[in-house]
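*Asks:* Mind having a look at this structure? Questions to follow.
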Amino acid sequence: MLPTAMVAFGILGLVLGSSWCWMGTVVFLCLAACDPFLGVDHSRREKSMPVLANTILYFQIIPVFCLWIVFAWRMNAGAEFMTLIDFVGATISVAFMTALGGLPAAHEMFHRSSTSGKFIGSVLSTFFASSYASLAHNHIHHIETDTLNDTETPYRGENVYHFVVRAAARQHRESWRIELTRLDRLGLSFWHPTNTILQGLIQYAALQGLFFSIAGFRGMLMLMCVSLLGLFILEIFSYLQHYGLVRVPGSPIEKRHAWNHLTPISRALTFEITAHSHHHIDPAVPYYELPPVIDAPQMPSAITCFVAALIPPVWHRYIGRPKVQMWDENFANAAELKLAAEANLKAGWPESLTPALA
């Protein structure tokens, strides 16, 4: 329930108004400061109550909706005493709280077979104008993981800001291509009600209309700002989970092809998606059954990495490059070492980072 608690802080900050609108962001930064000091968490989750675990997952839509209702109110009737800094705080906090409260749950839903789960996942993703991003995620990322064809694998040396723009644009473009190809194969037009892209556009237009009815053009502008920032946050987590990794296209996806962030708060806040190695081995495994793979590539706290990635020199010097070098030395096979050497060359990294081929 930690994601719900985070959203509750965001709601409280919006209700109190003024500088309290920053509460959600401040709480996130406090967790980022604490998580690395709590040590690693290699424990397996109890699987005796799967009904409760699934209920908590579906429940996430309630606090997220409450957050956005209060946000809409704050942008209208509650905006009288708000300064520009307060509006910025509200935007950042809502984006963070929606990302933490909704995106991990939405990701889990995208890998479920139930129609209701997929629908709720698309609704949660609508706040970030990416309800159909699951198309590229499922049909490209989980097949092309760590290759140049992947939509969610950052290059070595690539800073997070460049990656976010590149990945977001490519995921949307590839999702459109996948869905339009499906419709064409079935002989259906773009306007057919089963068009996932069309459904997503209608959902976001409805959300925009709701905000306009409550807070006018200012509400619509704030909604777009939150959507863009939320999409930025989403892509940063993708950046952290596959940074610099390489794989020969078509080769088996193994536990070494994803970074794990096995710290207590990171695991709890993300519905275990930071136990990422096994998720790529079998994406259908429910979050509460994902094992923390100890002998797979490890990163520090996901929250700490998130903050560090925002400062590229800090990320590359203290986390990104040392971890990638460790991966080359301990996990890469001969074919991957060749790809790693090419990637290091493109990144401008010293050739000595890549171990010599046997």
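The values are calculated or read from the model by the stated rules, or taken from the named source; none is laboratory data. Note that the coordinates shown come from a computational prediction; the quantities given were computed from them, not determined experimentally. Ideal geometry is used to build each Cβ from the backbone, glycine not excepted, and the neighbour counts take in all protein chains shown.
*Asks:* Looking at region 137-158, which of its residues are over 17 Å from the mean Cα position of the chain (by Cα), not in a helix (DSSP H, G or I) and not basic (Lys, Arg)?
*Replies:* Of region 137-158, the ones over 17 Å from the mean Cα position of the chain (by Cα) are 143-144, 147-149, 155-158.
The next check asks that each one be not in a helix (DSSP H, G or I); those that pass are 147-149, 155-158.
Within region 137-158, Thr147, Leu148, Asn149, Tyr155, Gly157, Glu158 qualify.
*Asks:* Can you confirm whether Ala258 is aliphatic (A, V, I, L, M), farther than 15 Å from Phe127 by Cβ and modelled with pLDDT of 90 or more?
*Replies:* Values: aliphatic (A, V, I, L, M): yes; farther than 15 Å from Phe127 by Cβ: yes; modelled with pLDDT of 90 or more: yes.
Yes; evaluated as a whole, the condition is true for this residue.
*Asks:* Here's something else I'd like to know. Quick check on Ser18: is it of a type in the set (Gly, Ala, Ser), closer than 23 Å to Ser266 by Cα and modelled with pLDDT under 85?
*Replies:* Values: of a type in the set (Gly, Ala, Ser): yes; closer than 23 Å to Ser266 by Cα: no; modelled with pLDDT under 85: yes.
In short, no.
*Asks:* While we're looking at this one, here's another question. Looking for something at pLDDT below 90, among the hydroxyl-bearing types (Ser, Thr, Tyr) and closer than 30 Å to Met49 by Cα - is there at least one such residue anywhere in region 304-322?
*Replies:* no
*Asks:* In addition: For a quick check of your reading: which helices (runs of 4 or more DSSP H) sit entirely within region 7-119 and have at least 2 residues that are touching a residue at least 24 places away in the same chain (Cβ under 8 Å), within 21 Å of the chain's Cα centre (by Cα) and crowded, with 19+ Cβ neighbours inside 10 Å? Let's see the steps before the verdict.
*Replies:* On the way: elements: 23-34, 50-59, 61-74, 84-110.
Fully inside region 7-119 and qualifying: 23-34, 61-74, 84-110.
*Asks:* Continuing with the same structure: Among the listed residues Thr270, Thr263, Thr274, identify the single one that is polar (S, T, N, Q) and free of Cβ contacts under 8 Å to residues at least 40 places away in the same chain. Even if it seems obvious, please write down each step before you answer.
*Replies:* Values: Thr270 fails: free of Cβ contacts under 8 Å to residues at least 40 places away in the same chain; Thr263 fails: free of Cβ contacts under 8 Å to residues at least 40 places away in the same chain.
Residue meeting the stated conditions: Thr274.
*Asks:* Kindly check whether there is at least one residue in region 175-194 that is at pLDDT below 90 and in a helix (DSSP H, G or I).
*Replies:* no
*Asks:* Only one of these is surrounded by fewer than 24 Cβ atoms within 10 Å (Cβ to Cβ), more than 23 Å from the chain's Cα centre (by Cα) and not β-branched (Val, Ile, Thr): Ser238, Ser213. Name it. Break it down into steps so the answer makes sense when it comes.
*Replies:* On the way: Ser238 fails: more than 23 Å from the chain's Cα centre (by Cα).
The unique qualifying residue is Ser213.
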